[in-house]
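These notes concern the structure reproduced below.
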Amino acid sequence: DIGARLGVGGSLDALVRERVGALRSEDAVTPAVLAGAWLRGERARFFVPWELALAGTPQFRLVSPEALVRLRQGRQLAADEVVPAPSAAGISIVVESSGEPLAVVEVLREGRAWAIQPRKVLVAGTLA
């Protein structure tokens, strides 16, 4: 509660997120418009490139083929299995050397160590 943190009390009747990264609310479409496009086979025109959707999200690369196998299996990775070394907890992405995304991961602080937990594995990848 913001009011409690500020020590002044308060309330909030509504909250509208107008922007998430580069995505703006005025560019959004209603579910009805999206459903109509889906039925007409036009849904691709509403796809957002992953680079735009995840702009500003920290990126990691895997250091070995073994780390790629573990990632594909959804298994937690150690900090030394990615570069650069993690420095903050939160959502990140793991990309191939080509820059294509492999997975959305969560960087976790476990005591004094960092861990990388896959949340959504996107593609098989090849770690070229």
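With the whole protein complex present, SER98 retains an accessible surface near 90 Å², based on a 1.4 Å probe.
Starting from the residue with the highest accessible area, list ILE116, ILE91, ILE2 in decreasing order, probe 1.4 Å. Before the final figure, lay out each step's value.
Numbers: ILE116 0, ILE91 95, ILE2 125 Å².
Greatest to least solvent exposure: ILE2, ILE91, ILE116.
Give me the percent of the accessible area of the chain that comes from carbon and sulfur atoms, probe 1.4 Å, all protein chains in place.
Numbers: 5050 of 8940 Å².
In the chain, the share of accessible area belonging to carbon and sulfur is 56 percent.
Under 5 Å from the amide H of TRP114 lie the amide H atoms of ALA79, each residue being 5 or more positions distant or on a separate chain, with H modelled from the backbone and absent for Pro and chain starts.
Pairs of alpha-carbon atoms within less than 8 angstrom and 6+ residues apart define the contacts here; what relative contact order does segment 1-113 have, in percent? Over segment 1-113, the number comes to 17 percent.
If you stretched the chain out fully between ALA32 and ALA78, how much longer would it get, using 0.36 nm times the residue separation minus the C-alpha to C-alpha distance?
On the way: separation 46, 0.36 × 46 = 16.56 nm, distance 4.35 nm.
Extra length available between ALA32 and ALA78 comes to 12.2 nm.
Treating the Cα atoms of segment 55-103 as identical point scatterers in vacuum, please give the log10 of the normalised Debye intensity I(q)/I(0) at q = 0.15, 0.17, 0.25 Å⁻¹, two decimals. Calculated log10 I(q)/I(0) at the listed q: -0.35, -0.45, -1.01. Given a 1.4 Å probe and the protein chains as shown, VAL83 ends up with an accessible area of around 70 Å². Only DSSP H runs of four or more residues enter the estimate; each adds -39500 (n - 2.57), and after division by the residues of the chain the mean residue ellipticity at 222 nm equals -5000 deg cm²/dmol.
Could you calculate the contour length gain from ALA113 to ARG45, that is, 0.36 nm times the residue separation minus the distance between their Cα atoms, to one decimal place in nm? Kindly include the intermediate steps, with their values, before the conclusion.
On the way: separation 68, 0.36 × 68 = 24.48 nm, distance 4.28 nm.
Extra length from ALA113 to ARG45 when fully extended: 20.2 nm.
Where the convex hull is taken over the Cα atoms of the chain, what is its projected area averaged over directions, in nm²? Approximately 11.8 nm², given one-decimal rounding.
The values are calculated or read from the model by the stated rules, or taken from the named source; none is laboratory data. Being a predicted model, the structure only gives us computed values, none of them experimental. With ligands, DNA and RNA removed, areas are computed over all heavy atoms of the protein, side chains included. Shrake-Rupley method; radii C 1.70, N 1.55, O 1.52, S 1.80 Å.
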